[in-house]
Structures are given as C-alpha cells and as structure tokens.
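Please treat every number below as a calculation from the coordinates, not as lab data. These numbers were taken from a predicted model, which means no experiment stands behind them. Cβ coordinates were reconstructed from backbone atoms using ideal geometry, including for glycine residues, and neighbour counts include every protein chain displayed.
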Amino acid sequence: MSHQLKREYLIAIRKRYLESSHSKKSLILDEFCEVCDYARKYAIAILNGHIEPAGPRPRGRQVRYGLDVVYHMVRLWNAMGRPGSTKFRAAIPEWLEYDEILQGIDDDILRLKLTAVSRAQIDRILRSYRVGPQVGLSATRNTANSRHFRSRIPIQAKDWNVTAPGQQTQGDTVAHCGDSLHGKFANSLTVTDIFSGWTENRGLWGKASARVIEAMRDIEATLPFRLLGFKSDSGSEFMNHELHAYFRENRPELPVQFTRGRFHLS
C-alpha cells in the first residue's frame, strides 16, 4: 500500500477508533496493523495522534556520511597534502591518533566512520573539493635530436646487480609549474644512489643541458663516493650529446655508465 493510501485509511478510521470501546479499539487496531503492516505499538501511537506515520523513503543512495565526517575528511586531506584516495585512506588511522582537533572531540562514531570509509566513497566525497587537473602534468619532453640520441643509450630495466655505492644512481627532474606548463618555471633535479639511498637535490631554472651539467658537477663534488653509473628517463634534458660527453670527459679510463629506463615518450 502506498503512503498516500495509508494516510487516507488513517483519516477514515482514526475518529472511529478514538470513540470506540476498548474491545472495538482492539479490533480496529488489528485491522490497521494488518492493512498497513505496522508494529502494534507504532500503530497505537499513530491512531492516538501522538506521532504521524513516516513518509516514503527518498529514492537514490542514502547519505551515510554527514557534514561532520565530510568536514574532518577534507581537513585531513588538505593537511596531508591532498594525496590520492588509496594513500589517504591508509593514512587516516595514523593521523587520528595525533590530530589535535579530533583528540578534543569525544565522538567514537565519528572516528569509526572516518576509518571505515572506502576508497570509492573518498573519491565521491572529495570530488567537489578537488581544484585543478586531476591527472598530474608531465614536463618530460623529447626533441627530434633526443629521440635520435636515445638509441645510443642502452636500456637497463632493473638495478639488480648493484653491490656498492656509486655503482648505479638514478636522476630525474620535477617541474614546479603549478597547473600550467606555459612560460618559464623552476625545476628540481634529484639524484639518488641505489645502494645507499644517498640523495642530492638541486634547483634548476629551466632544463637546458648546460644547467643540468652544472648541477651534476656540483652533485659529484658533494658525493662521498665516486659516480660510476647514472640512469634517467628519456627526457631531452638527459638525452643529449652534452650530458653524454660530460660523463666521459676527463675520465677515459672509468667513464660513467649512462643508461636509461624502459619507459620513454614516443
């Protein structure tokens, strides 16, 4: 029976129910429970006018997480640096132990909901709070010259045979351009030794080969071990004659072994 028909039926019998004797009320009540599928105590409260029957359940997905959960989820997400939903979900329990705001709130249900939220639900909740491109920008570019030159640089898929510091390092650049690649912007060059984890970072204005070589020269002067191997991606800042010559100049007996990863842009 629809909600509208239940309302009409209630209006038709309520006055008769209130004016009837105890025995007749029991009969009317039995019929009302049977027709509307109500529990007896719930039906008595409706017939006596203490409550009104609940309206129809709204269609669609029911709201499980209220504004309080959304507020703290967005706040934690921003505090973590806006990570992806998978990493964010994994980090929430750790952050709940040290978050000063949540420490001052005595609400175990709120904490339970924050830790129980799924990755898909996180994406739905945070969708309207994401600003800018949803996919990271790639500043890795290659030119006709770099595409031709990279055929001279051997591919090394894995670093399984590294046994000493300096034997294999990996270098990469990151563009600090915000959400646009237009114009000039700063870059950072990161070089990490695979064996020891020793990492050096240098700032670059642009990614011209001369600036990369200058940064590499400064990094080599800082390393506590000799640079013997260097691997990069196929970006034009690495795939050029200048950097290749730098790794061989003044060290003919033990040049730096220059390799590249399997991934490259077409």
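Key figures
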{"quantity": "Those aspartates and glutamates that a straight Cα-Cα span of less than 13 Å connects to K113, excepting residues fewer than 8 apart in one chain", "calculated": "D68"}
{"quantity": "Cα lying deepest toward the dipole's positive end in the chain, options I13, S128, A210, charges on Cβ", "calculated": "I13"}
{"quantity": "5 angstrom amide H check on S234, placed H, neighbours 5+ away", "calculated": "L265"}
{"quantity": "Net dipole in debye of the chain [+1 Lys, Arg Cβ; -1 Asp, Glu Cβ; about Cα centre; nearest 20]", "calculated": "1080 debye"}
{"quantity": "For peptides 230-240, 76-86, sequence by mean Cβ density within 10 Å, most packed first", "calculated": "230-240, 76-86"}
{"quantity": "Residues with amide H under 5 Å from that of Q168, placed H, sequence gap 5 or more", "calculated": "I194, F195, G229"}
{"quantity": "Dipole of the stretch 144-260 [Lys/Arg +1, Asp/Glu -1 at C-beta], most positive-end residue of T169, G197, L243", "calculated": "L243"}
{"quantity": "Partners for K15 among aspartates and glutamates (Cα-Cα distance below 19 Å; same-chain residues under 8 apart left out)", "calculated": "D30, E31, E34, E52"}
{"quantity": "Given K207/K231; K87/K158; K158/K207; K158/K231; K87/K207, the pairs whose alpha carbons are separated by over 21 Å", "calculated": "K87/K158; K158/K207; K87/K207"}
{"quantity": "Segments 245-254, 165-174, 148-157 sorted - mean Cβ within 10 Å per residue, highest first", "calculated": "165-174, 148-157, 245-254"}
